[in-house]
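Here is the structure we will look at, set down as structure tokens.
The values are calculated or read from the model by the stated rules, or taken from the named source; none is laboratory data. Predicted model, so just to flag it, every value in this text is computed and none were measured. Note that we place each Cβ from the backbone using ideal geometry, even for glycine, and neighbour counts take in every protein chain shown. Each accessible area value is taken on the protein alone, full model and side chains, heavy atoms only, with ligands, DNA and RNA left out. Shrake-Rupley method; radii C 1.70, N 1.55, O 1.52, S 1.80 Å.
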Amino acid sequence: STSVLFRNVFQTINLTDLDDQGSVVNDKHFNNIEAQVKYKMNLFGKPWHLFYLGSYNSIQTKFSPITVFNEEAYLRYYSHQLESYYKLHTKVILSQYLGWERAIANYNTEVNIETKRPVNQEGFAFGLGIDYLLSKNTALYLRHRYFNYEDRSFELNKFAGHENTLE
């Protein structure tokens with residue numbers, strides 16, 4: 001099942017390593033590594049801010065001091081987001097967004113009946129926007145984002161589209 005909460009989507013993945021009564025046979029261990037980088041420089045004499053947020057996650061049966069990056073994990077999830085803000089004028093800022101995410105499950109999770117493969121998802125997004133500063137503490141944000149998503153194991157689980165926001 002899939003749950004949507006504001007800007008995030010969460011998916012339930014069913015495990016198949018259960019005993020005959022359907023009870024859980026293995027403990028679950030969760031790992032998360034996040035990297036956040038901020039960098040400011042001048043381009044043509046104007047400030048340019050770059051932000052990166054990376055997330056590396058896994059769920060597995062054994063303890064690990066770091067994220068598990070192989071098939072021993074029930075699920076591996078990777079997310080990368082790069083944002084850029086360039087000041088065009090004292091009141092106008094150009095914003096850019098680039099995002100990529102990947103979710104890979106192993107064969108101890110529910111598989112597609114037709115392909116016999118577990119979750120194998122990938123998503124990509126690219127966005128542009130303009131920020132207009134109305135006053136010291138008020139701004140207008142106009143954004144456009146293109147995105148696509150596909151699960152290579154589940155043929156019907158794919159989409160692409162455009163999103164516009166005005167805040």
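Listing for the model above:
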read-out: Residue in segment 144-159 that is among the aliphatic types (A, V, I, L, M), open to solvent by 70 Å² or more (accessible area, probe 1.4 Å), in a strand (DSSP E or B) and at negative phi present; value: no
read-out: Residue check for Leu88: touching a His at 6+ places or on another chain (Cβ under 6 Å) and farther than 20 Å from Asn70 by Cβ; value: no
read-out: Subset tally (residues that are among the charged types (D, E, K, R) and under 14 Å from the mean Cα position of the chain (by Cα)) for segment 49-99; value: 2
read-out: Residue list for segment 110-143, restricted to those being open to solvent by less than 60 Å² (accessible area, probe 1.4 Å) and assigned to a loop (DSSP other than H, G, I, E, B); value: Val111, Asn112, Thr115, Pro118, Val119
read-out: Every residue from segment 8-60 that is acidic (Asp, Glu) and farther than 23 Å from Tyr77 by Cα; value: Asp19, Asp20
read-out: Listing of strands (runs of 3 or more DSSP E) fully contained in segment 1-109 that carry 2 or more residues being touching a residue at least 40 places away in the same chain (Cβ under 8 Å), open to solvent by less than 80 Å² (accessible area, probe 1.4 Å) and of a type in the set (Lys, Arg); value: none
read-out: The one condition in (1) over 16 Å from the mean Cα position of the chain (by Cα); (2) part of a strand (DSSP E or B); (3) surrounded by fewer than 15 Cβ atoms within 10 Å (Cβ to Cβ); (4) at pLDDT 95 or above that Thr165 fails to fulfil; value: (4)
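Let's see how each residue does on (1) aromatic (Phe, Trp, Tyr); (2) out of contact with any helix residue (DSSP H, G or I) (no Cβ under 9 Å at 6 or more places or on another chain); (3) farther than 29 Å from His29 by Cβ:
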{"position": "Ile66", "(1), (2), (3)": "no, yes, no"}
{"position": "Asn70", "(1), (2), (3)": "no, yes, no"}
{"position": "Ala105", "(1), (2), (3)": "no, yes, no"}
{"position": "Glu110", "(1), (2), (3)": "no, yes, no"}
{"position": "Gly123", "(1), (2), (3)": "no, yes, no"}
{"position": "Phe147", "(1), (2), (3)": "yes, yes, yes"}
{"position": "Ala160", "(1), (2), (3)": "no, yes, yes"}
